[in-house]
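One structure is given below, encoded as C-alpha cells.
The values are calculated or read from the model by the stated rules, or taken from the named source; none is laboratory data. Keep in mind it's a predicted model, so treat the numbers as computed, not measured. Because the Cβ atoms are built from the backbone with ideal geometry, glycine has one as well, and the counts that use them run over all protein chains shown.
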C-alpha cells in the first residue's frame, strides 16, 4: 500500500517580528522597572555619589539604578535574563536577513560583533560597579566599542531607500552624538567636581539606553516577512506567504473617496482643543527652562530640555511605540495633558520642568503620528492642519482674556489666575475623543522637491507661529514707542491682531494651497515684513497685521509641502531648525551670558529675516513639486472645514470683543492719597514675573504695590514678550486691577531685559533710551514727563548693565547724568545702578551735573536699587521685603511738590536726612501701617537694623 509523502504539519508558526518586540519589551522593562523601583524605595541613596547627594544630585545613573540595591537589582536581572533569548535570536536573524554574498566579510563581522557585544552586555549587567568597578567599566567600554561596528554594519547592509535604513541611521547618529555630552558631564563630575553634573551625566546614560534598544527595535520592520515555523521533526525559517502578510484592504473607489471627506464639526472641534493643549504645553517649555538660567546668571544645563522637541519624532518611529502611537493617538494626547498640564501640581521647579518636558515630547509625538496617518488623505489633512493653527489662535484669545497669561501653564495656579483643573479635565476629554484614522497606505513619495527645504520651512513656520502669533500683544510692543500714544495699545491691538489672524485662517481654507503659493501672494509677506522691521507705531503695526494674515493663510502650503517625504526625518530636522531659531532669538538679547553671543548680538531682525527666507523657500519648493485640484474643486471639497472655521473664529472674535470691554480698568486712574497732594514712587526688579518657586508673580506684585500705596513705579526685568518669557506682559494685570497708565518701555526688538513705568498720573510724554553698552547687556531707560497735580514732573526709570562690564557702566552713568541734567523740571530717578552707596559711579549719578540727590545717603545696605530726586519735598523712604516674589526688595519714597517758599530753602534742609517722630507727621503722609512689624504675606519694612531703626526714627520729613 502506498502513501502520499507530505510535509510535516506545522506545530508552531511565529512571525519573526515578535522576536524584536520581545527584545524591546523585556529590555525597556528591565531598565525602567529598576529605575522606578529604585526611586520609589531608595531615591536618596541611589542619587548619592562620591561627591554629592540630594538635592545637589537628583537623578540616578544607570549603574546605581540597576545594581546598587535590592530589590531593584533583582527585578532588573530577572527581566534582563528574559531578554537574552530574544537578543541572541535577533542577532542571528539580522545576520540571515542582511547576509550578502557580495559583502561576505561584512556579514560575518556583523555576526561576530553582535554575539560578542551581547556577551559584554551581560558582563556589565551582571557585574555592577558596586561588585567590581574595573570589570564593570571594561565590559561597558567593550560594549560601546562593539556598538560602533554593529550599528554601522546593520545600517549599511539594510536595503537602500527604506524607512528601516533611515530609522537606523538617525537612531545611531543620535546615540553617538549623545556620547559628547556624556563625556563632558563625566569630566565635570569627576575632574571639576561640580554639583549636579552627575545627574546630567545620568540623563545622557539613560538616553543611550533608550536609543540603543530603539536601534534594535527597527528590526521589527525587517522581520515582518519572516516566519519561524516549528515542525514535528524540524525547524524552518522562511518568507511568509502573501496570505500571511499584513493585508491592506482594497476598498471601492467610492469608499476611498469617502475617506477623503473632511471631519465632522465635533471632530474638528476636538482637534482644535487638542491643538490648544499642544500649544499651551509647548509655549510653557522655554518659559519653565528660563527660570534656571535666571538663577544661574548663565547657561544652567537645564536648557537641554528643549532637545525633546527634535528627539520626540525619532521616538515616535521606534517600534513597538510607533505601533501604539499611530494606532492609538489618544495615548500620547492623554500623556501630553497628564505631564504637560498636570505639571502645575508639582511644587519643585526641577520636577515641574521635567514633567513639562515629557508633556512636550508626547505632544510632538502625537502631532507627528497624526500627520503621518493623515498624509494620504489631503482634505482631512487640511482640516487637521487648519484646526492645528486655529488652536494657536484660541490660546492667544485665552491669554487676551487672562491679561496675557495662559491659564493652563504650569506656572499658573488657583491663586494667580490659573484654570489648571479645567484645562486638565477638558484636555483629557478631548484626548479621549480624538478620532484620527488608523495608519493607511502612506502618501506617495516624491522624487521632486527637497526634503531639506520642506523641513527648513516647517521649522521656520513653527518658530514664527510661536514667536509672533502666540500672544496678541507681542507685535504691539514690537512697534511701541511710548507716549503720546501713536500706535495701538494692547487691548485695541489685540482685537486687530485677532481679526487679521482669523481672516488669514479663513483664506487658508477658501483657496487651494496652489493659489496661496503663487507669486502674487508672496509679496504680502515681503512688504509686511519690511514694514514691520523698518517702521514703528501704527505704520509698523500695520506691517505686523500683514505678517499675521500671511502666516495664518500659508499654513496648508507648508503642511502639504511636507507630505511625501520621510516623516521621521522631516519632523526631526524641522523641530531641530525651530529650536535653533528659537535659541537664536534668545541669543540676540542674552549675548552677554551665552557662548557665541556676540555673533547674534542685537540681531533679532536678522533671525526674523532668516526665518522668512526659509519659509518662502518652502513655499517655492511646494510650487515646484506638485499640483493640486483647481480652486473651485478645492473650495467645494473643503467647504465643511471652511464653515467650521467661520463658526469658531466668529465665536472667538465675539468673545474677544466682550473681553475688550471687560478689560477697562477696574480702578480709577487716581493717586492713593490725592487729598494730601503727595505721591509715592517705587522701584522694583521683578525677575521677569517668575517668583522664587516658578509661579507667575504679577498677582502677588499687584497686592504689594496696592498695600504700599504706590502711585508711580518703575519695574525692571520686564520684557517677557519673547519665547523665554512666554510672550506675555504681566504689567497688564497690575494696570487693570489698580488703575495705572503703562509705558512698556523698549520693546522685544530692542534687545534689553526691559524697563516699564506704571503711573496713576497721566504720562504726557516718554522717550525710550538704549544706553551705551559696547560690551555687556543693553541697558534700557525711560524718560517720561507726568502731570502730577497740575505740575510737570520727570520720571526716569533705568536699569544699569551687569557688574562685570565696568566700562559699560561708566558710560551709562555719564549718559544718565546727561539725561537728568538736561531737564529743568522736578525729577525722580527710579533705578538699578549696580554700585555701592557713595562709591564709584554713584558719584556720577549723584553730582552737580545731574543735579539730583539721594533719597537717603546714610542707607549703606543698598547695592543696586536707588531712588534719586530733585526739586521735590522728601516725605518718607522705606525698603520693603520681597518675600518670595523675586530676589530684590521693593523701595518706595513719598514726595510732595515744593511750594514757592520751599524752593528758596537751603539745599541741605530740603535734601538732607532729617528725622522726626512719626507722631509729628500728618497721618496722610505716613507709610501704610499694614507693612509694620511682621507685615503681611511676608512683606514688611526693613531699613538698617530693623526693628531698632523704626524705634529711633519712626518717621522722616
Look through 575, 571 and report the one residue that is in a helix (DSSP H, G or I), crowded, with 22+ Cβ neighbours inside 10 Å, in contact (Cβ under 8 Å) with a residue 60 or more places away in the chain and within 16 Å of the chain's Cα centre (by Cα).
575
So which residues in the stretch 650-668 are over 30 Å from the mean Cα position of the chain (by Cα), closer than 16 Å to residue 490 by Cβ and not in a helix (DSSP H, G or I), if there are any at all?
664, 665, 666
Out of 835, 844, sole residue that is in the same structural domain as residue 740 (by TED's automatic domain parsing), at negative phi and in a loop (DSSP other than H, G, I, E, B)
835
Checking the structure you have, find out if any residue of the stretch 910-920 is assigned by TED's automatic domain parsing to the domain that holds residue 681, in a strand (DSSP E or B) and closer than 17 Å to residue 827 by Cβ.
no
State all residues of the stretch 751-764 that are in contact with a strand residue (DSSP E or B) (Cβ under 6 Å, 6 or more places away or on another chain) and closer than 17 Å to residue 798 by Cβ; if no residue qualifies, say none.
751, 752, 755, 756, 757, 758, 759, 763
Say whether the condition of being farther than 24 Å from residue 692 by Cβ, assigned by TED's automatic domain parsing to the domain that holds residue 554 and touching a helix residue (DSSP H, G or I) at 6+ places or on another chain (Cβ under 7 Å) is met by at least one residue in the stretch 398-408.
yes
Taking the stretch 855-875 as the search range and keeping residues that are over 20 Å from residue 926 (Cα atoms) and over 41 Å from the mean Cα position of the chain (by Cα), which one is surrounded by the fewest Cβ atoms within 10 Å (Cβ to Cβ)?
858
Inside the stretch 443-476, can you point out the residues that are surrounded by fewer than 24 Cβ atoms within 10 Å (Cβ to Cβ) and farther than 25 Å from residue 575 by Cα?
none
Pull up the stretch 706-749, narrow it to residues that are part of a helix (DSSP H, G or I) and in contact with a strand residue (DSSP E or B) (Cβ under 6 Å, 6 or more places away or on another chain), then point me to the one that is surrounded by the fewest Cβ atoms within 10 Å (Cβ to Cβ).
735
Note down all Cβ pairs under 8 Å where the first residue falls in the stretch 295-310 and is touching a residue at least 40 places away in the same chain (Cβ under 8 Å), the second is not in a helix (DSSP H, G or I), and they're at least six residues apart or on different chains.
297/593; 298/593; 298/594; 299/593; 299/594; 299/595; 301/196
May I ask you to list the residues in the stretch 33-65 that are closer than 19 Å to residue 200 by Cβ and in a helix (DSSP H, G or I)?
35, 38, 39, 43, 44, 46, 62, 63, 64, 65
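Yes or no, residue by residue, for (1) farther than 30 Å from residue 757 by Cβ; (2) touching a residue at least 24 places away in the same chain (Cβ under 8 Å); (3) not in a helix (DSSP H, G or I):
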{"position": "484", "(1), (2), (3)": "no, yes, yes"}
{"position": "509", "(1), (2), (3)": "yes, yes, no"}
{"position": "531", "(1), (2), (3)": "no, no, no"}
{"position": "541", "(1), (2), (3)": "no, yes, no"}
{"position": "552", "(1), (2), (3)": "yes, yes, no"}
{"position": "558", "(1), (2), (3)": "yes, yes, no"}
{"position": "565", "(1), (2), (3)": "yes, yes, yes"}
{"position": "582", "(1), (2), (3)": "no, yes, no"}
Do you know which residues across the stretch 807-832 are closer than 25 Å to residue 889 by Cβ and modelled with pLDDT under 95?
808, 809
Does residue 495 count as within 30 Å of residue 620 (Cβ to Cβ), touching a helix residue (DSSP H, G or I) at 6+ places or on another chain (Cβ under 7 Å), assigned by TED's automatic domain parsing to the domain that holds residue 584 and outside any loop (DSSP other than H, G, I, E, B)?
no
How many residues does the stretch 154-174 contain that are in contact (Cβ under 8 Å) with a residue 24 or more places away in the chain, within 19 Å of residue 114 (Cβ to Cβ) and surrounded by fewer than 21 Cβ atoms within 10 Å (Cβ to Cβ)?
3
Spot the failing condition for residue 891; the list is (1) buried (at least 17 other Cβ atoms within 10 Å of the Cβ); (2) within 48 Å of the chain's Cα centre (by Cα); (3) modelled with pLDDT under 80, and only one is missed.
(3)
Can we say residue 857 is farther than 21 Å from residue 821 by Cβ, free of Cβ contacts under 8 Å to residues at least 60 places away in the same chain and part of a loop (DSSP other than H, G, I, E, B)?
no
Quick check on this structure: which one of 376, 322 is more than 19 Å from the chain's Cα centre (by Cα) and in a helix (DSSP H, G or I)?
322
Scanning the stretch 907-923 residue by residue, those closer than 21 Å to residue 890 by Cβ and surrounded by fewer than 15 Cβ atoms within 10 Å (Cβ to Cβ) turn out to be none
